[in-house]
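First the structure, in the form of structure tokens, and then the observations on it.
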Amino acid sequence: MAKVYPCTPSSSSCSSSKTYTIWMKSLVANGNGFTVYDSCGRVVYRIDNYSNKSCRQVYLMDLHGNVLFSMFQKNEKPFFEVKNCSKFLKRRETEYHVKMGSDSCSFYKIKGTEGKCDFNITDQQGRVVAEAKQKQSSSGVMLGQDVLSLKLEAHVHDHSFIMALVAVHGLITRKM
């Protein structure tokens, strides 16, 4: 079970949906992670694991390298926990429940299909807050499975939290 700890509060507010590009490659030489770009092509977030041998500790950072979330496989008093609930579903569907701190009523769901890069994140009311799909170029060419387009809905205020969920999904599905 993955547990995530916020390091500093960070939120981005917007009045319309926002789209990011996620490249499942680290900017750090020989690092494991991925890089998030805004619609103008600027680096907004980095997710890095500085150890080649293990994904036990991963960091979500802003453009300047400030750690926003630290993700550990096991620890005490996490900001949120992620649990695999796929065993009760159809064969290829995946579902992970995200429990917020000690509040068992507050949760998100990450749903996808095994072997595919597409997934979505819903809140406790069942509203989609983010949707990741394989990125398509402006000319209609599908890019590699390591390049995703992530659309965050307008009602999402904490983009860094959603990026932490994306990072956990990447760890669970071994895409990172």
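Read the figures in this text as sums done on the coordinates, not as results from a lab. This one's a predicted model, so the numbers in the text were calculated from it and none came from an experiment. Note that we place each Cβ from the backbone using ideal geometry, even for glycine, and neighbour counts take in every protein chain shown.
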Next item on the list: Give me the aspartates and glutamates in straight-line cross-link reach of residue 116: C-alpha distance below 20 Å, same-chain residues under 8 apart excluded.
Entry: 93, 95, 131, 146
Next item on the list: Taking 7 Å along the Cα-to-C-beta vector as the label spot, tell me the residue 64-residue 27 distance in nanometres, rounded to one decimal.
Entry: 1.4
Checklist line | Filter on 83/151; 83/111; 109/151; 99/135; 18/111; 25/83 - keep pairs with C-alpha separation over 18 Å | finding: 83/151; 99/135; 18/111; 25/83
